[in-house]
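What follows is a single structure, written as structure tokens, with notes after it.
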Amino acid sequence: MAALSILPESAINTIDRGGIAVIKDFMSPSEVSRLRADASTLYYDGQFTVDALAGYGKTASAKDKASFDATKDRAVLPAYIPSQKKAGPFLSTTLGDVDARQKLTTTITALRSDLAKGLDRPGIDVLDYGNDNHEISFTRFGSGALLQKHIDEHHEECKGRVGWSRPTRRSLSWLVYLNEDWDANNDGGCLRTYQRKAESAFSVGSRHGDLQIGWLKPTADDPRERPVFLDGRRGNVSGKCALYIDSDDRERKVYLTKEFNSDPYLFLTSDFFVQNLLIQNHDLGKRFHYLEQPKSALTSYLGQDSGEQIKDVAPTGGTLVVFDSVALPHEVMPTVSRERWAASGWFHEKQQPEPTGGQIFL
């Protein structure tokens, strides 16, 4: 592996096998203070956009939009505004501390190059996909704001009609925290991740462009945690799907299922359905768990994946976190009486081209 400029090699292995890399003191206190001051100034100048994606906003706006308090939700200062197809205020050369944000962008560019080399994902270091894949922003969580458990990217066939329409997908998620004197016990706001109890025996996230959608848990006879990938374009037909894992020598696809249609199976199903009806081998089937099950009364009743373990990361100023956007479920715990600041974003890779051999079933 080529020498890395700013990341330890241990971080690469952690991300590659499905964990969260946590690098403390990635940025100095003076850099953190300067960026936080810039973010705060721009927020109180009205430059941020409230997205109402955090738990407070979903609840408050559902009950009574008139009672929604934007200061208690998540707000962002984006580098790109997709709805308007134009650069966002983060890239402004006239607003706030331009030099501090440009220095941050330079550091993140070096981070992206390290990750591209270390994880053998050269596509994330290519910048000719268009401005809408430039995801970097300041984020602010107000008091009480949270994000429920989710993953940051999904397979094209799990997104409905728009699944194949974008040129890129999220590959890696990153955050640099900008908080001062944060005490997670009193202030809350931790990033809660759901890592595997057993480290993956194989690289996670994607294989040959096919995204991961689940796991086979280890057993006494096969003590390997195996990522499960979705081939969503069998015969170059969108919606013709099959699940597979890597062979032990990592040279072949080992299919777990016969072909099935994405609709309705990927949208109405659960671990139980895949385990008992889609995967033909019962011993393999009972090991399967989705990365993120479709939410339903059944999945709530069956409970969480027993192969997961919780790892909380405090949003301490200067700490960098990086993880695979596909493979690591996570949530943001509610903040308590304080604002929670970060710089965050995603590195993109090219998405598979739209299948040309048949219709989209949805």
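If we scan region 234-244, do we find a residue that is touching a residue at least 40 places away in the same chain (Cβ under 8 Å), in a loop (DSSP other than H, G, I, E, B) and open to solvent by less than 20 Å² (accessible area, probe 1.4 Å)? Yes, region 234-244 contains a residue that is touching a residue at least 40 places away in the same chain (Cβ under 8 Å), in a loop (DSSP other than H, G, I, E, B) and open to solvent by less than 20 Å² (accessible area, probe 1.4 Å).
Before we move on, is Asp114 among the charged types (D, E, K, R) and surrounded by 20 or more Cβ atoms within 10 Å (Cβ to Cβ)? Explain how you work it out, then say what you get.
Details: among the charged types (D, E, K, R): yes; surrounded by 20 or more Cβ atoms within 10 Å (Cβ to Cβ): yes.
Spelling it out, Asp114 is indeed among the charged types (D, E, K, R) and surrounded by 20 or more Cβ atoms within 10 Å (Cβ to Cβ).
Within region 323-340, being assigned to a strand (DSSP E or B) and either at positive phi or surrounded by 24 or more Cβ atoms within 10 Å (Cβ to Cβ) (or both) holds for Phe323, Asp324, Val332, Thr335, Arg340. Filtered by the rule that a residue be open to solvent by 10 Å² or more (accessible area, probe 1.4 Å) and either without any contact (Cβ under 8 Å) to a residue 40 or more places away in the chain or not in a loop (DSSP other than H, G, I, E, B) (or both), region 157-180 gives Cys158, Lys159, Gly160, Arg161, Val162, Arg169, Arg170, Leu175.
Can you name the residue in region 186-225 that is of a type in the set (A, V, I, L, M) and part of a loop (DSSP other than H, G, I, E, B) and, of all such residues, is surrounded by the fewest Cβ atoms within 10 Å (Cβ to Cβ)? Give the steps one after another, and end with the answer.
Of all residues in region 186-225, those of a type in the set (A, V, I, L, M) come to 191, 198, 201, 204, 211, 213, 216, 220.
This time we only want the ones that are part of a loop (DSSP other than H, G, I, E, B), so: 198, 201, 204, 220.
On the way: Ala198: 15, Ala201: 16, Val204: 23, Ala220: 5.
That would be Ala220.
For region 123-144, the condition of being among the acidic types (Asp, Glu), closer than 20 Å to Tyr43 by Cβ and open to solvent by less than 40 Å² (accessible area, probe 1.4 Å) holds for none of the residues. When only residues in region 67-111 that are open to solvent by less than 30 Å² (accessible area, probe 1.4 Å) and not hydrophobic (A, V, I, L, M, F, W, C) count, which is farthest from Leu42 (Cα to Cα)? Taking the candidates together, the pick is Asp73.
Filtered by the rule that a residue be open to solvent by less than 70 Å² (accessible area, probe 1.4 Å), hydrophobic (A, V, I, L, M, F, W, C) and either modelled with pLDDT under 70 or within 22 Å of Tyr194 (Cα to Cα) (or both), region 268-303 gives Val274, Phe288, Leu291.
The values are calculated or read from the model by the stated rules, or taken from the named source; none is laboratory data. Quick caveat, the model's predicted, so the values are computed rather than measured. Glycine also receives a Cβ, built like all others from the backbone with ideal geometry; neighbour counts cover every protein chain displayed. Accessible surface areas use protein heavy atoms only, side chains included; no ligands, DNA or RNA. Shrake-Rupley method; radii C 1.70, N 1.55, O 1.52, S 1.80 Å.
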